[in-house]
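The values are calculated or read from the model by the stated rules, or taken from the named source; none is laboratory data. Keep in mind the model is a prediction, meaning the values are calculated, not measured. Every residue, glycine as well, gets a Cβ built from its backbone with ideal geometry; the counts of neighbours run over all protein chains shown.
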Amino acid sequence: GDPWQKHGLQASAADRVEMVRRAFEGQAIRITIDTQEIERAGATYSIDTLRAVRAEVGAETCLLFLLGADQLQQLDTWQSWRELFDYAHLCVASRPGFELDAAQLPSVVTNEFSRRKASAEQIRATPHGGAYLATGLAVDVSATAIRAALQRGERPGSLVPSGVLDYIQQHHLYQA
C-alpha cells in the first residue's frame, strides 16, 4: 500500500523493508518487521494496521504506537486518529531541534493527549489508551537531511548503519 501523506518516495517498499532489516541486524533486541501496510492494496492507514496487529496479539497485550513529535502536529488529519487509542498507547518521541509546543498543536490533539496522559508504569500495566511523551528517545537525525546529503554525494553521518548505507549505494537510492 501507499502511505497517503508521503508522496515521491525514492525507495520502493521492498527497499525500505530491507533497509530496516539491515538497520537492526546484529542488535540484541529482536524485532519483527510487519509488512502488512505495504502488502495492502491502495492507500494504507495506521488505524487499519493497528486493528490488524491488535487482532493478532490479542486484547491484553500492551501495544505502543511510536510517532515523532513532528507528526503530532498533524495527527488530527490522520484517518480515525482518535481510534488509535482503542488499539495502542501513543508514544511521542521528542526530536532535537523540534520544539513540541502545545500552543502549536491542534486543540483537539492537545485535549486528547492531556486527557490520556499516562506514566511509563501505567503504559506497561495496560494494553492501550494512554498517551506518553518519550523524551529519552530523542535522536538528532532527519531522514530528509540524510537523503539530501546522499543526493549531494556526501556521507550522511554516523547515524546510518553501514549495512544500510551499503544497500543505499548498491541500489543507487536517493541519488540525483
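Key figures for this structure:
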quantity	calculated
Failed condition for Arg30, given (1) loosely packed, with under 12 Cβ neighbours inside 10 Å; (2) at pLDDT 85 or above; (3) not in a helix (DSSP H, G or I)	(2)
Tabulated pairs, the stretch 115-134, first surrounded by 17 or more Cβ atoms within 10 Å (Cβ to Cβ), second hydrophobic (A, V, I, L, M, F, W, C) and in a helix (DSSP H, G or I), C-beta under 6 angstrom, 6+ apart or interchain	Gly130/Ile123; Ala131/Phe113; Tyr132/Ile123
Residue list for the stretch 121-156, restricted to those being of a type in the set (Ser, Thr, Tyr), at pLDDT below 85 and outside any helix (DSSP H, G or I)	Ser142
Evaluation of Ile47 against (1) closer than 28 Å to Glu18 by Cβ; (2) surrounded by fewer than 16 Cβ atoms within 10 Å (Cβ to Cβ); (3) aliphatic (A, V, I, L, M) (one fails), failing number	(2)
Unique residue being at pLDDT below 90 and either part of a strand (DSSP E or B) or over 20 Å from the mean Cα position of the chain (by Cα) (or both) when the list is Leu100, Leu159, Leu173	Leu173
Subset of the stretch 18-27 that is out of contact with any helix residue (DSSP H, G or I) (no Cβ under 7 Å at 6 or more places or on another chain) and surrounded by 11 or more Cβ atoms within 10 Å (Cβ to Cβ) - its residue that is modelled with the lowest pLDDT	Phe24
Inter-residue pairs, beta-carbon under 8 Å, first among the acidic types (Asp, Glu) and in the stretch 27-47, second assigned to a loop (DSSP other than H, G, I, E, B), 6+ apart	Glu37/Gly1; Glu39/Gly1
